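Here's the structure, in structure tokens; my notes come after.
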Amino acid sequence: MEPNKFIIDNTSVRNGRIDHVDIGDATFIDCSSCPSLTELPLWPNVTKVCCSYCPSLTELPLWPNVTQVWCYYCPSLAELPLWSNVTMVSCHNCPSLTKLPLWSNVTEVSCNKCPSLTELPLWSNLTEIDCTNCPSLTELPLWPNVREVYCYECPSLTKLPLWPNVTKVYCSGCSSLTELPLWPNATEVRCYDFTSLTYRFREFGGQKRKLETDELTS
């Protein structure tokens, strides 16, 4: 087990809360798979929290020092706090989430299978995003530092930005896309299942990019 990790199971939940539990000097709290849990304490020193598979959780505290949060498969979560130090958030399969905060330090976000998400913030430090299977997303921001984007099966996306530093884009199954930008640093682009996509396949900066499609029109 990881040092300073404290595991809480559903037997410790009373009236939807775990305030009576002494976590000591733990910095990593794992309270996943607690179906009776409705709220969590404001742990001031915790840096990692895993509260996935908690169907009754409706909100999460504004933990001041948290850097990594796993809260996937929490169907009652409608929003997430503006954690100031968070760098990684995994909140996929949260159908009640309608938006995500503008986390200033986040570098990695997994929000796939969140059908109520209509937009995503302009995270300036983001390097990797997985927003696959988000049918209500209509556009994605121009993230300046993103390297990897996984946005397949997003049928409402009509265009993708000219991300300056992206190297990998997976956008298969985005049926409303009609063209892709000429990303200057992309080395791998996967966009299967298109019928109306056009993409200009050119040499750029001395390196030919890899493009995988069912149909290509230059």
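The values are calculated or read from the model by the stated rules, or taken from the named source; none is laboratory data. Being a predicted model, the structure only gives us computed values, none of them experimental. All Cβ positions, glycine included, derive from the backbone under ideal geometry; neighbour counts span all protein chains shown.
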Kindly establish whether residue 56 is assigned to a loop (DSSP other than H, G, I, E, B), at negative phi, in contact (Cβ under 8 Å) with a residue 40 or more places away in the chain and surrounded by fewer than 20 Cβ atoms within 10 Å (Cβ to Cβ).
-> yes
When only residues in the stretch 33-53 that are under 18 Å from residue 90 (Cα atoms) and polar (S, T, N, Q) count, which is surrounded by the most Cβ atoms within 10 Å (Cβ to Cβ)?
-> 52
Condition met for residue 76 (under 18 Å from residue 117 (Cβ atoms), out of contact with any His (no Cβ under 8 Å at 6 or more places or on another chain), free of Cβ contacts under 8 Å to residues at least 60 places away in the same chain and among the small types (Gly, Ala, Ser)) | yes
Residue check for residue 138: more than 24 Å from residue 66 (Cα to Cα) and out of contact with any strand residue (DSSP E or B) (no Cβ under 7 Å at 6 or more places or on another chain) = yes
In the stretch 176-206, what count of residues is obtained for those that are assigned to a loop (DSSP other than H, G, I, E, B), modelled with pLDDT of 90 or more and not small (Gly, Ala, Ser)?
-> 6
So which of 44, 135 is out of contact with any Lys or Arg (no Cβ under 9 Å at 6 or more places or on another chain) and farther than 19 Å from residue 169 by Cα?
-> 44
Qualifying positions in the stretch 18-35 - modelled with pLDDT of 95 or more and in contact with a helix residue (DSSP H, G or I) (Cβ under 9 Å, 6 or more places away or on another chain) | 31, 33, 34, 35
Conditions (1) surrounded by fewer than 19 Cβ atoms within 10 Å (Cβ to Cβ); (2) farther than 19 Å from residue 120 by Cα; number of the one not met by residue 79 | (2)
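Residues are listed down the side, and each one gets a yes or a no for (1) of a type in the set (Lys, Arg); (2) under 23 Å from residue 73 (Cβ atoms); (3) in contact (Cβ under 8 Å) with a residue 12 or more places away in the chain; (4) surrounded by 15 or more Cβ atoms within 10 Å (Cβ to Cβ):
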residue	(1), (2), (3), (4)
113	yes, yes, yes, yes
131	no, yes, yes, yes
143	no, no, yes, yes
157	no, no, yes, yes
162	no, no, yes, no
169	no, no, yes, yes
Those residues of the stretch 82-111 that are buried (at least 22 other Cβ atoms within 10 Å of the Cβ) and in contact with a His (Cβ under 7 Å, 6 or more places away or on another chain) come to a total of 1
Qualifying residues in the stretch 118-129 (those that are touching a strand residue (DSSP E or B) at 6+ places or on another chain (Cβ under 9 Å) and under 21 Å from residue 176 (Cα atoms)) - the one surrounded by the fewest Cβ atoms within 10 Å (Cβ to Cβ) = 120
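Take the residues in the stretch 15-32 that are part of a loop (DSSP other than H, G, I, E, B) and closer than 20 Å to residue 88 by Cα, then tell me which one is nearest to the chain's Cα centre (by Cα).
The selected residue is 32.
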